[in-house]
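A short worksheet on the structure shown next.
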Amino acid sequence: MLILIVAATAPEVEPLVKYFGNKIDVLITGAGMVPTAFALGRQFTHAKYDLVINLGIAGSFDRNIEPGFLVEVTEDTFAETGAEDDERFIPMNVLGFGEVTYKPTTTLDEVESSFYLKKGRAITVNTVHGNDASIKKVQERLTPQLESMEGAAFFYACQQVNARCIQIRAVSNYVEKRNRDNWQIGLAIKNLNTFAIDLIDAIIKL
């Protein structure tokens, strides 16, 4: 099985890369939705993958999803794509210019039935939230559980080429006023890679 691992930054998947070496392809896109979409579009011209997995850290709006927890993202929305009408936000799909919410083309259960993660909804943003007023607004509008800067772009790019894809995120922090002392990036990366290594090992041995 030809597998592609996609991550925004190298540190997010460094343990996995050291473990597998050249047994799997790894694409480091750079942070953000534009680099992610471009890098995937270019990668897909070189190979057709049996499975594409997006791995990365994320912020959690949901206080029941604590730092260190892993989540399988079941839908991801471009939260900022649309227009402002004074205090009202009009999403791009309401404007009639395309979709804003994308879903994976397969599920973790379909990929390997012995593995399970909590499922959650995510948003993809250019600016991560760190202001109480903006956090409240986006929660009221979209009720997200997680946020990242790449997820919806990943789903979009995979959908364009009919690639089987899943997105797995490890929570590194709560979405709140910026407080680096509360971040647990190391724990999130450790848990993410431990799970991903076990998952890919199981898939390769099938």
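Listed values, structure above:
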| quantity | calculated |
| --- | --- |
| Condition met for residue 163 (modelled with pLDDT of 95 or more and of a type in the set (A, V, I, L, M)) | yes |
| Residue in the stretch 11-18 that is basic (Lys, Arg), in contact (Cβ under 8 Å) with a residue 40 or more places away in the chain and open to solvent by 60 Å² or more (accessible area, probe 1.4 Å) present | no |
| Options 74, 127: the member that is open to solvent by 90 Å² or more (accessible area, probe 1.4 Å) and in contact (Cβ under 8 Å) with a residue 12 or more places away in the chain | 127 |
| Subset of the stretch 109-124 (residues that are free of Cβ contacts under 8 Å to residues at least 12 places away in the same chain and in contact with an Asp or Glu (Cβ under 8 Å, 6 or more places away or on another chain)) | 116 |
| Complete set of residues in the stretch 172-200 that are modelled with pLDDT of 95 or more, in a helix (DSSP H, G or I) and over 20 Å from residue 10 (Cβ atoms) | 198 |
| Criterion: surrounded by 12 or more Cβ atoms within 10 Å (Cβ to Cβ) and touching an Asp or Glu at 6+ places or on another chain (Cβ under 6 Å) - qualifying residue of 106, 36 | 36 |
| Odd one out for residue 169, checked against (1) assigned to a helix (DSSP H, G or I); (2) of a type outside the set (A, V, I, L, M, F, W, C); (3) touching a Leu at 6+ places or on another chain (Cβ under 7 Å) | (1) |
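The values are calculated or read from the model by the stated rules, or taken from the named source; none is laboratory data. Being a predicted model, the structure only gives us computed values, none of them experimental. Glycine gets a Cβ as well: all are built from the backbone with ideal geometry, and neighbour counts include every protein chain shown. Just the protein is used for accessible areas: all its heavy atoms, side chains included, with ligands, DNA and RNA removed. Shrake-Rupley method; radii C 1.70, N 1.55, O 1.52, S 1.80 Å.
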